[in-house]
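Read through the structure below, which is laid out as structure tokens, and then see the notes.
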Amino acid sequence: MPHALAAPSRAGACGVSLGTAAGLLALGIPAGAAAFSTYHQVNLVSDVPGVAQVTDPNLVNT
């Protein structure tokens with residue numbers, strides 16, 4: 001006697017998708033985050049000439 005296979009229910013598939021989305025939101029990972037993982041550093045002020053846009057000889061790191 002052959003056994004009939006039941007097709008997956010839409011509710012089950014939707015539940016997996018919603019669970020995955022909820023998990024990503026809980027982790028704080030926005031969609032497409034991997035596409036914007038680089039940045040550009042701009043040194044604004046330095047006490048060393050030529051390192052930044054503005055040179056301030058009175059700047060002291062404490």
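Points to keep in mind about this one:
- Long-range neighbours under 6 Å by Cβ, at least six apart or interchain, first residue closer than 15 Å to Asn61 by Cβ and free of Cβ contacts under 8 Å to residues at least 24 places away in the same chain within the stretch 39-51, second open to solvent by 100 Å² or more (accessible area, probe 1.4 Å) and assigned to a loop (DSSP other than H, G, I, E, B): Leu44/Gln53; Asp47/Pro57
- Looking across the stretch 42-53 at every residue that is under 32 Å from the mean Cα position of the chain (by Cα) and not small (Gly, Ala, Ser), the one that is most open to solvent (accessible area, probe 1.4 Å) is identified as Gln53.
The values are calculated or read from the model by the stated rules, or taken from the named source; none is laboratory data. On a predicted model such as this, the values are computed, not experimentally measured, just so you know. Please note: Cβ atoms are built from the backbone with ideal geometry, for glycine as well, and neighbour counts cover all protein chains shown. Calculation scope for accessible area: heavy atoms of the full protein, side chains included, ligands and nucleic acids excluded. Shrake-Rupley method; radii C 1.70, N 1.55, O 1.52, S 1.80 Å.
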